There are 2 protein chains.
Amino acid sequence: MTTGRASRRPTRQQQAVADILGQSADFASAQALHGRLREAGETVGLATVYRALQAMADAGQVDVLRTDDGEAVYRACEPGHHHHLVCRTCGRTVEVEGPAVETWTDRVAAEHGFIDVTHTLEIFGTCADCARGASAS
Amino acid sequence: MTTGRASRRPTRQQQAVADILGQSADFASAQALHGRLREAGETVGLATVYRALQAMADAGQVDVLRTDDGEAVYRACEPGHHHHLVCRTCGRTVEVEGPAVETWTDRVAAEHGFIDVTHTLEIFGTCADCARGASAS
DNA sequence: CTCAGAATGATAATCGTTGTCAACTCGGTG
DNA sequence: CACCGAGTTGACAACGATTATCATTCTGAG
Ligand SMILES: [Zn+2]
Ligand SMILES: [Zn+2]
Ligand SMILES: [Zn+2]
Ligand SMILES: [Zn+2]
């Protein structure tokens, strides 16, 4: 059958968003990513950046989380369920896994009769580099 | 010194916000709380509701978390660090504690050289009542 | 080439939240 | 009691992130 239901080849803009995401190791907001694309000479509309990010998030290709002030930030992550350890100063991000936490959340939820359980878990701190740098000021 | 640094007696509006929070067992948005105050006959400005909630959050008297779409929701909780098990259908909320999770997050952060560590952890699911009710439809 | 459908992007609209500032409250003072 | 000043209030404007709109552009099959 002609094309089949397989995912369509990504457009130049979608590819640009995917690329910029792949290059940055830390979580970044849609607007920040859009700015970087602009600087890099790519012409991509802000709305398209939002759409691409949303699609990739739906497809599980990027992780999304919300900053304290409600802004959504995105990051290209390894596939599979995991959590993040984020430096609240420089944004350095480490993916972490905790099988014990997974079982604990499921058990707690089950004890209270909850089903279809998911969870969010993020760890914030100050990384060694930032702790050293900020000690003087 | 006249009054001293002790906390001032709460105003009628601040008390009203505290009361409405104490009455609802689930997380609610600032606007929803404002609406309920209006229905209850209390005249409190929306800005004041936001201010009162922010003050109570800073004082650790209420927990704040963000819904998937970035809206801040508030709940009067027991003092002390804990997490939440929330029904994503009806909003029923259970406070849960997990000492093992606390030590795990601290240990993981320390292994990566992070200090001054905090974390967020919320569990979402469908409670027994909602699972029963929704099975037919 | 031609056309239908999908994608794009400039812009307007939405919506939660915060800032502004004049009016108000309230306890102390003379 | 009249007055003062610090803190609070609330109507409204301003803000910023996100989403909706819709005319234009792109794409790829026939
Ligand atoms: Zn850092
Ligand atoms: Zn997990
Ligand atoms: Zn429920
Ligand atoms: Zn905890």
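Of all the residues that make up the range A:76-89, how many are away from chain B (no Cβ under 12 Å) and away from ligand 2 (no atom under 16 Å from the Cβ)?
Number of matching residues: 1.
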Point to revise | Conditions (1) at pLDDT 95 or above; (2) over 12 Å from the mean Cα position of the chain (by Cα); number of the one not met by residue A:69 | key: (1)
Check your understanding: Quick one: residue A:93 ticks every box in (1) in contact with a strand residue (DSSP E or B) (Cβ under 9 Å, 6 or more places away or on another chain); (2) in the same structural domain as residue A:21 (by TED's automatic domain parsing); (3) among the hydroxyl-bearing types (Ser, Thr, Tyr) bar one, so which box is it?
Key -> (2)
Study note, to complete from the structure: Selection from the range B:93-121 of residues more than 15 Å from residue A:98 (Cα to Cα) and facing chain A (nearest Cβ under 9 Å) yields B:94, B:96, B:113, B:114, B:115, B:116, B:117, B:118
Point to revise | Among the candidates B:48, B:11, B:103, residue that is within 11 Å of DNA strand D (Cβ to nearest atom) and without any contact (Cβ under 8 Å) to a residue 12 or more places away in the chain | key: B:11
Practice item. Collect the residues in the range A:122-137 that are within 23 Å of the chain's Cα centre (by Cα), more than 7 Å from chain B (Cβ to nearest Cβ) and either farther than 22 Å from residue B:108 by Cα or of a type in the set (D, E, K, R) (or both), keeping them in residue-number order. Key: A:129
Exercise for review: Keeping to the range B:110-137, report how many residues are touching a helix residue (DSSP H, G or I) at 6+ places or on another chain (Cβ under 7 Å) and either more than 16 Å from ligand 1 (Cβ to nearest atom) or open to solvent by less than 70 Å² (accessible area, probe 1.4 Å) (or both).
Suggested key: 6
Check your understanding: Across the range A:39-71, what is the number of residues that are of a type outside the set (A, V, I, L, M) and away from chain B (no Cβ under 14 Å)?
Key -> 9
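The values are calculated or read from the model by the stated rules, or taken from the named source; none is laboratory data. Small disclaimer: the values here were computed from a predicted structure and weren't measured. Don't worry about glycine lacking a Cβ; one is built from the backbone with ideal geometry, like all the others, and counts go over all protein chains shown. With ligands, DNA and RNA removed, areas are computed over all heavy atoms of the protein, side chains included. Shrake-Rupley method; radii C 1.70, N 1.55, O 1.52, S 1.80 Å.
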